[in-house]
1. Given the C-alpha centroids of the stretch 177-218 and the stretch 52-84, what is the distance between them in whole angstrom?
2. In sequence order, what are the phi-derived ³J(HN,Hα) couplings for the stretch 310-322 according to the Karplus relation 6.51 cos²θ - 1.76 cosθ + 1.60 with θ = phi - 60°, rounded to whole Hz, with x for glycine and proline?
3. For the stretch 336-534, what does the alpha-carbon gyration tensor say about shape, rounded, prolate or oblate, given a ≥ b ≥ c as the root eigenvalues, a/c under 1.5 as rounded, and a/b over b/c as prolate?
4. Rounded to the nearest 10 degrees, what's the angle between the helix 149-159 long axis and the longest principal axis of the chain, both from Cα atoms, 0 to 90?
5. Which shape class applies to the stretch 43-165: rounded if a/c is under 1.5, otherwise prolate when a/b exceeds b/c and oblate if not, where a ≥ b ≥ c are the square roots of the Cα gyration tensor eigenvalues?
6. Between Asn276 and Leu402, what length comes free when the chain is fully extended (0.36 nm per residue of separation minus the Cα-Cα distance, one decimal in nm)?
7. Tell me, what ³J(HN,Hα) does each residue in the stretch 218-235 have, in order and in whole Hz, if you take phi through Karplus 6.51 cos²θ - 1.76 cosθ + 1.60 with θ = phi - 60° and put x for Gly and Pro?
8. Quick check on my link table: of Lys319/Lys535; Lys30/Lys183; Lys230/Lys336; Lys132/Lys299; Lys22/Lys299; Lys47/Lys545, which ones sit more than 22 Å apart, alpha carbon to alpha carbon?
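Read the figures in this text as sums done on the coordinates, not as results from a lab. Nothing here was measured: the structure is a model prediction, and the numbers come from that model. With ideal geometry, Cβ positions are generated from the backbone for all residues, glycine too; neighbour counts draw on all protein chains shown.
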Amino acid sequence: GVTRHYKFDIRLQNVTRLCHTKSLVTVNGKFPGPRIIAREGDRLVVKVVNHVPNNISIHWHGIRQLQSGWFDGPSYITQCPIQTGQSFVYNFTIVGQRGTLFWHAHISWLRATVYGPLIILPKHNASYPFVKPYKEVPIIFGEWWNVDPEAVIKQALQTGAGPNVSDAYTINGLPGPLYNCSKKDTFRLKVKPGKTYLLRLINAALNDELFFSIANHSLTVVEADALYVKPFTTNVLVITPGQTTNVLLKTKPHDPNAAFFMLARPYFTGLGTFDNSTVAGILEYDNSTSALNKRPHFKPVLPALNATSFVMNFTRKFKSLATAKFPANVPQTVQKRFFFTVGLGSNPCPKNQTCQGPNNSSKFSASINNISFILPTTALLQAHFFGKSNGIYTTDFPSVPLRPFNYTGTPPNNTVVTNGTKAIVLPFNTSVEVVLQGTSILGAESHPLHLHGFNFYVVGQGFGNFNPNKDPANFNVVDPAERNTIGVPSGGWVAIRFLADNPGVWFMHCHFDVHLSWGLKMVWIVQDGKLPNQKLLPPPADLPKC
Ligand code: C2O
């Protein structure tokens, strides 16, 4: 591999969408941010210089950071944020990974504007396990607020109310023609007939899972979260925040003399307000754009907003490639089992109980096993590495819920949360199984759980209560999907397995930023192994201080 150098200047830039101009926190003045392209085996060296008033850090979402956890990026987990006027050099090697990932800010809600594709091509002499595409196109979904998203979450945490929703969804930063004052800000994908395109889809939206479809074209899924899958064809895709999906798009053999909308809009089953608007891009054949306005525009049909069984069926289609070259190394035995309830709670707090959500309020909170996680004021990885956990974190994160949970009986008395900075310690190379049970207390809602530092196998999922006596018999331990983000089904559960072979402190959280802010997060501490290549390397000299 080679070393690739990038410089990220974090600075303010005026950007206009929907006829609103505002000053955004950006990388190099770009919205969305610049593309990073590397090859498997390369070293990435990214110097991040902070010129804005906000503290910031950058996360390389899906990069395993083997032994290099200092460069993972979540603020107060693996590093203190980079303060105004300071810089930090992220420096890591991409080991055994290729595919579509992304990078984003990992503090507060700054990733609303600070994000971009991270594309890892196979090694020079390696090829894709599918037809070589004529062209590759990153398509990154996001959200646009007419106001400052930092103010939105700040106000929500102060008042205890749900945050205001965004004003538009975007494709590559563009809301498209279905929004007012947005026609010129439309993503157009110009294609030639009879070719195969690789679309690298990334959901960088803050708070919404999305359906995506292109009219009159089917899509063949070949990769998820930078891991090859057994190809399958679909008209509609579901993608949660934090997930990436590569699809092949085969264009029609002849110019169809028509234009086709690509649409994305949310999947949503929760309570409260949300934005059910639709972002549109346009798939255009050949170069005859002059004819375009006369052409009919076909629109794809998307599932209903709350199409939960569609989502479950779609999720189940993902299977590892599981070939000799790309094997599925599913842990066949489990050394540590965990049962986590994930969901919202404590609004209202039951009588005579103490509920401690964010800011010690008894308003909205989100939790895992009834713990609403509080970020410390210094970085956990440093505290762990230098053996100074005292007063920073404890290692008693519960392996089962503090309050028993059951869907049967109304309402489940699982709403009480305690807050804290708690971790689970895993010896090196422990094989772990986690059943993530959605609690759906304040409305059934799916939660896209993301694990840093690892990919995990999705061995089972279902609706209702997880049944420990029955469900494991149906687990797929042969070719389950391997991912870094999975939606805990609305009103259901999902079971994952991973091997704790990467020493460090690893964040696991809901990739809805609103739930992240409310505390739906926890950390795993994976201890060093005995051999030198099983140890976390020492911290870099320029590691930011809190
Ligand atoms: Cu993409 Cu911790 O996040």
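1. Between the Cα centre of the stretch 177-218 and that of the stretch 52-84, the gap is 30 Å.
2. Along the stretch 310-322, the couplings run 4, 5, 4, 4, 5, 4, 6, 6, 6, 9, 4, 4, 6 Hz.
3. oblate
4. Here the helix axis deviates by roughly 40 degrees.
5. oblate
6. My answer for the length gained is 41.8 nm.
7. 9, 10, 9, 6, 10, 7, 9, 6, 6, 9, 5, 10, 5, x, 9, 10, 8, 8
8. Pairs exceeding the cut-off: Lys319/Lys535; Lys230/Lys336; Lys132/Lys299; Lys22/Lys299.
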